[in-house]
Amino acid sequence: MTADAPFEITLCAAPATAPAAGTTKVYGPISATQERVLSPVGVYVQHYLRRLENGDADDQTDHVKAHADHTAAEAAKAIGNLDLSEEEDEEESEDLLMTDPKEWKQQDHYAVLGLSKLRYRATLDDVIKSHRKKVLRHHPDKKAAQGHLNDDGFFKCIQKAFEILTDHTKRR
């Protein structure tokens, strides 16, 4: 979508740190000035024009919000209809169930929580829902009641994956 409103671009003078006119090498003559029509396009231009129309051009952080909204819309479009319904619950492989909790750096945290189809697109709500399902299924007390003693390794992996995926800095 192009902007229909006039959009002026003002070029500033060269900065004071630029080399002096005599120290630069000229490779050819300066061409004649030409008037060109530029069509500003994109999310940022649309947002800027909306801000001008609404009269709230004073907010300097608005472009960050516009970018976040645009990124969220793109991610939602990419995910499509993926959701964590009970019918689509991922089953754990034997290798995954036998994962050593001491090797948590090598484990796939998304696969441990059953989020391998969503990966980095999984929201905090998805992580929390999946964690609750896994904890209910693999809690050591529930395993002990079924006769499996000292079988809490995978539960520790679930807890570590949840800890990492809910912490924004560790998740990156």
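The values are calculated or read from the model by the stated rules, or taken from the named source; none is laboratory data. Since the structure is predicted, the reported quantities are computational estimates derived from the model, not experimental observations. Please note: Cβ atoms are built from the backbone with ideal geometry, for glycine as well, and neighbour counts cover all protein chains shown. All accessible areas refer to the heavy atoms of the entire protein, side chains included, with ligands and DNA or RNA removed. Shrake-Rupley method; radii C 1.70, N 1.55, O 1.52, S 1.80 Å.
Values as computed for the structure displayed
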{"read-out": "Helices (runs of 4 or more DSSP H) (entirely within the range 107-172) containing at least 3 residues that are out of contact with any Ser or Thr (no Cβ under 8 Å at 6 or more places or on another chain), among the charged types (D, E, K, R) and open to solvent by 90 Å² or more (accessible area, probe 1.4 Å)", "value": "124-138"}
{"read-out": "Unmet requirement for residue 40, which otherwise passes all of (1) open to solvent by 80 Å² or more (accessible area, probe 1.4 Å); (2) in contact with a strand residue (DSSP E or B) (Cβ under 8 Å, 6 or more places away or on another chain)", "value": "(1)"}
{"read-out": "Cβ-Cβ under 8 Å pairs, at least 6 apart or on other chains, the range 26-41 side in contact (Cβ under 8 Å) with a residue 40 or more places away in the chain, far side open to solvent by 100 Å² or more (accessible area, probe 1.4 Å) and assigned to a loop (DSSP other than H, G, I, E, B)", "value": "41/1"}
{"read-out": "Positions within the range 8-58 being modelled with pLDDT under 75 and either under 25 Å from residue 74 (Cβ atoms) or within 30 Å of the chain's Cα centre (by Cα) (or both), in sequence order", "value": "56, 57, 58"}
{"read-out": "So residue 61, is it exposed (fewer than 10 other Cβ atoms within 10 Å of the Cβ), at pLDDT below 75, under 27 Å from residue 170 (Cβ atoms) and of a type in the set (Val, Ile, Thr)", "value": "yes"}
{"read-out": "Flag for residue 4 being open to solvent by less than 100 Å² (accessible area, probe 1.4 Å), at pLDDT below 75, under 30 Å from residue 74 (Cα atoms) and of a type outside the set (Lys, Arg)", "value": "no"}
{"read-out": "Residue match in the range 85-106 (condition: at pLDDT below 80, in contact with a Lys or Arg (Cβ under 7 Å, 6 or more places away or on another chain), surrounded by 11 or more Cβ atoms within 10 Å (Cβ to Cβ) and not charged (D, E, K, R))", "value": "no"}
{"read-out": "Residue, farthest from residue 72 (Cα to Cα), within the range 86-138, restricted to residues that are acidic (Asp, Glu) and within 21 Å of the chain's Cα centre (by Cα)", "value": "108"}
